[in-house]
1. Residue pairs, Cβ under 6 Å, 6 or more apart or interchain, first in region 85-103 and at positive phi, second more than 16 Å from the ligand (Cβ to nearest atom) and polar (S, T, N, Q). List them.
2. Kindly list, by first and then second residue, each pair from a residue in region 46-65 that is assigned to a loop (DSSP other than H, G, I, E, B) to a residue that is of a type in the set (Ser, Thr, Tyr), limited to pairs with Cβ atoms under 9 Å and residues at least 6 apart or on different chains.
3. Residue 111: surrounded by fewer than 18 Cβ atoms within 10 Å (Cβ to Cβ) and under 12 Å from residue 156 (Cβ atoms), yes or no?
4. For a quick check of your reading: which helices (runs of 4 or more DSSP H) sit entirely within region 173-244 and have at least 2 residues that are within 17 Å of residue 146 (Cβ to Cβ)?
5. Run down 172, 216 and say which single residue is closer than 16 Å to residue 101 by Cα, surrounded by 24 or more Cβ atoms within 10 Å (Cβ to Cβ) and in contact with a Ser or Thr (Cβ under 9 Å, 6 or more places away or on another chain).
6. I'd like the full set of residues that are farther than 17 Å from residue 212 by Cβ and in contact with a His (Cβ under 9 Å, 6 or more places away or on another chain), limited to region 115-141.
7. Right, residue 174: in contact with an Asp or Glu (Cβ under 8 Å, 6 or more places away or on another chain) and within 22 Å of residue 138 (Cα to Cα) or not?
8. Out of (1) closer than 30 Å to residue 60 by Cα; (2) not in a loop (DSSP other than H, G, I, E, B), what's the single condition that is false for residue 93?
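The values are calculated or read from the model by the stated rules, or taken from the named source; none is laboratory data. These numbers were taken from a predicted model, which means no experiment stands behind them. Backbone-built Cβ (ideal geometry, glycine too); neighbour counts: all protein chains shown.
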Amino acid sequence: NTGRKPLMAGNWKMNINHLEAIKLVQQLAFGLKEADFEAVDVAVLPPFTDLRSVQTLVDADKLAIAYGSQDVSAHASGAYTGEVSGAMLAKLGCSYATVGHSERRQYHGEDEALVNAKAKAAIANEITPIVCVGEGLEVRREGRHVEHTLGQVDGALEKIPADQARALVIAYEPVWAIGTGEVATPDDAQEVCAAIRGRLAELYDTEVAGETRILYGGSVKGSNIAGIMARSDVDGALVGGASLDPGEFIKICRFRD
Ligand code: PEP
């Protein structure tokens, strides 16, 4: 992964209230050293209600920890009760917005068109979308995981031009590996991440493909991250459960040790 700085992003999901968020970010700030931030980009993705607290802490201490949201509305503003716009997130200093997480696809019926609209809404507000893709167990068993995942990539990136595609992060998260403890093998992760990079080269060009960070996600822990990161097309991790434990998340950030 020459030239691509790894990104370790912690998806807190629906855990941790705003007070606990302050504690967790402080623990990360005390634990991580300058050398860590030189080696990897570190981001947390808290629930919406925590973002203001995280912003205050990051700003006050000039922390190198970036933060973002777990979702973003496809709409700019208006009568969309319960939604949070990209402009609101940008105002809170969010660098990232997760779009198309498998839990959103599964429990909120998000389809490719909506994921595409959300990615565009993030980009329109200068927020980097972390576009989540990945197959379920059935598809994996049928051996259609690459085809399925690339279909999701095509859908999510539709009509996003090359100059905007540079701002993307893609996370390959096989659904069977999320929250199950069953991590993909480094070979599994590499196979699909390489295929995604190949598709980016087809959709755009080799420069965009070479610059885009492609993360792996699914039961990443301190004990399994090094093997996954050793593969050339894996540029970081989207970490769920293990990101709630500062010691474990710091270990993941220090995967080279
Ligand atoms: C996730 O939710 O994006 C995820 C990868 O979860 P976990 O690490 O808990 O499998």
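1. Pairs that qualify, where the first residue is at positive phi and the partner is more than 16 Å from the ligand (Cβ to nearest atom) and polar (S, T, N, Q), are 93/55.
2. Close Cβ pairs satisfying both conditions: 46/53; 46/67; 46/69; 47/69.
3. It is true that residue 111 is surrounded by fewer than 18 Cβ atoms within 10 Å (Cβ to Cβ) and under 12 Å from residue 156 (Cβ atoms).
4. Working: elements: 186-203, 206-211, 225-229.
The qualifying helices (runs of 4 or more DSSP H) are 186-203.
5. Numbers: 216 fails: in contact with a Ser or Thr (Cβ under 9 Å, 6 or more places away or on another chain).
Only one candidate qualifies: 172.
6. Passing the criteria: 117, 121, 135, 136, 139, 140.
7. yes
8. The failed condition is (2).
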